[in-house]
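Visitor: Sharing a structure with you now.
Just so it is clear, none of the values below were taken in a lab; they were calculated from the coordinates. Keep in mind the model is a prediction, meaning the values are calculated, not measured. When we count neighbours, we look across all protein chains shown, and the Cβ atoms used for this are built from the backbone with ideal geometry, even at glycine.
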Amino acid sequence: MTSETVPTPSESDVSAVEQRLAALYDELPASQQLVLDAILGAGLAVLSTASDDTSGYIDPALTNPAMLEAELRYRIGEIQKAARDIKVNREQIVFRFAGVRPLGSSPAKNTGQYSRDHSIEVLSGDWTHLGFPVYSLVGGKWTSFRAFAEEVTDKSLEFLGKKRQKHTRDLPIGGGRGYSSDPDEQKRQVDGLAAWTGLDRDQLGVLYKRYGSRAETIASFIKRAEDEPLKSIDEFTHREIAFLALHEKIQHLDDLLLRRTMLAMLGRLTRERVEELAHVLGESLGWSDTEKTAEVTRTFRLLEDRHGVRL
């Protein structure tokens, strides 16, 4: 599956769609709301293209250029048919990505007919000569991983003759724990952080929207030393980048730009920003000047080859 990030049309053009999205948004876990908040707040929309078989690709993360081009033309044409007032063209695309999803084997003639449901394949002890069954987990995705895990656990508990004591169906995790989408509650929490840390309230508001309830941990780290905004993108500070470097298992510059932040996906990168972020990140990770330069070169290549971003 490949996806593109493009600017959203005006509010008046999509009011009915927005109402439907709002209903779906309310059903999402808080951790997923945080991601959508960032995308929609930046005035962007995600355009999904069709599913392709990647089994023959040397690198499945590299989308077939000819196939991508054909899909883009098709999807843009479909948007124009559905909403003639919404003008979308390929020049508006700021980022693209391909997600490689394992699916169970199928006799279907095309990937669109493959089942997206997850399943548990069971090999009994009669086949394996073991005193227990072997479960093979097929499929699954981010939005259903907890349900899948619960099914596997239930099957394991049944074999062991035990009963479930608790479930995680409604348990928030990460920055979603304690996160509220209610503006009044957000203000109360941010005001409390400002009183406790002494940090600027606007900065704390950004941290809260970016990291949810984890803003408290990050703010506590930031306040322990002198800090200043980055020159090329002042919504980030040196200490925030240092926190990510030291606590989020960053190994390369692209870890920061593609996975620990949404700067690349939101089309926020420039050459100057990439180079400054490499310097600030490198200071925390102990990179030499040569290593910083190599990371910048590597990142530019990855952005262009995999995500269609040319800086």
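Visitor: Kindly state, to the nearest 0.05, the FRET efficiency for residue 142 paired with residue 84, given R0 = 30 Å and r defined as their beta-carbon distance. Let's see the in-between values first.
Guide: On the way: r = 34 Å, r/R0 = 1.13.
Using R0 = 30 Å, I get an efficiency of 0.30.
Visitor: Could you pull out every residue, at least 5 positions away or on a different chain, whose amide H is within less than 5 Å of the one on residue 177? Hs are placed 1.01 Å off N in the peptide plane, and Pro or chain starts have none.
Guide: Correct list: 213.
Visitor: Report the full-extension gain for the segment residue 249 to residue 162: residue separation times 0.36 nm, less the Cα-Cα distance, to one decimal in nm.
Guide: On the way: separation 87, 0.36 × 87 = 31.32 nm, distance 3.69 nm.
Contour length minus Cα-Cα distance gives 27.6 nm.
Visitor: With only Lys, Arg, Asp and Glu charged, each at its Cβ (+1 for the first two, -1 for the last two), find how big the charge dipole of segment 183-297 is about the Cα centre; round to the nearest 20 debye. If you can, show how the numbers build up before the last one.
Guide: On the way: 17 positive and 22 negative charges, 76 e Å.
About 360 debye.
Visitor: Please give the contour-minus-distance gain from residue 200 to residue 284: 0.36 nm per residue of separation, less the Cα-Cα distance, rounded to one decimal in nm.
Guide: Numbers: separation 84, 0.36 × 84 = 30.24 nm, distance 2.33 nm.
Extra length available between residue 200 and residue 284 comes to 27.9 nm.
Visitor: Excluding same-chain residues fewer than 8 positions from residue 81, which lysines have a Cα within less than 29 Å of its Cα?
Guide: By straight Cα distance, residue 81 reaches 109.
Visitor: Grab the beta carbon distance between residue 128 and residue 181, set R0 = 41 Å, and tell me the FRET efficiency rounded to 0.05.
Guide: Values: r = 48 Å, r/R0 = 1.16.
E(calc), rounded to 0.05, equals 0.30.
Visitor: Pulled fully out, how much extra length does the chain show between residue 70 and residue 220, if you take 0.36 nm times their separation in residues and subtract their Cα-Cα distance?
Guide: On the way: separation 150, 0.36 × 150 = 54.00 nm, distance 4.92 nm.
Full extension of this stretch gives 49.1 nm more.
Visitor: Given labels modelled 7 Å from the Cα in the Cβ direction, how far is it in nm from residue 259 to residue 119?
Guide: In this crude label model, residue 259 to residue 119 measures out at 3.0 nm.
Visitor: I need 302, 281, 157 ordered by Cβ neighbour count within 10 Å, fewest first.
Guide: Details: 302 18, 281 24, 157 13.
In increasing order of surrounding Cβ atoms, one gets 157, 302, 281.
Visitor: Once R0 is set to 25 Å, what does the formula 1/(1 + (r/R0)^6) return for the Cβ-Cβ distance between residue 209 and residue 231, expressed as a FRET efficiency to the nearest 0.05?
Guide: On the way: r = 22 Å, r/R0 = 0.89.
Result of the calculation: an efficiency of 0.65.
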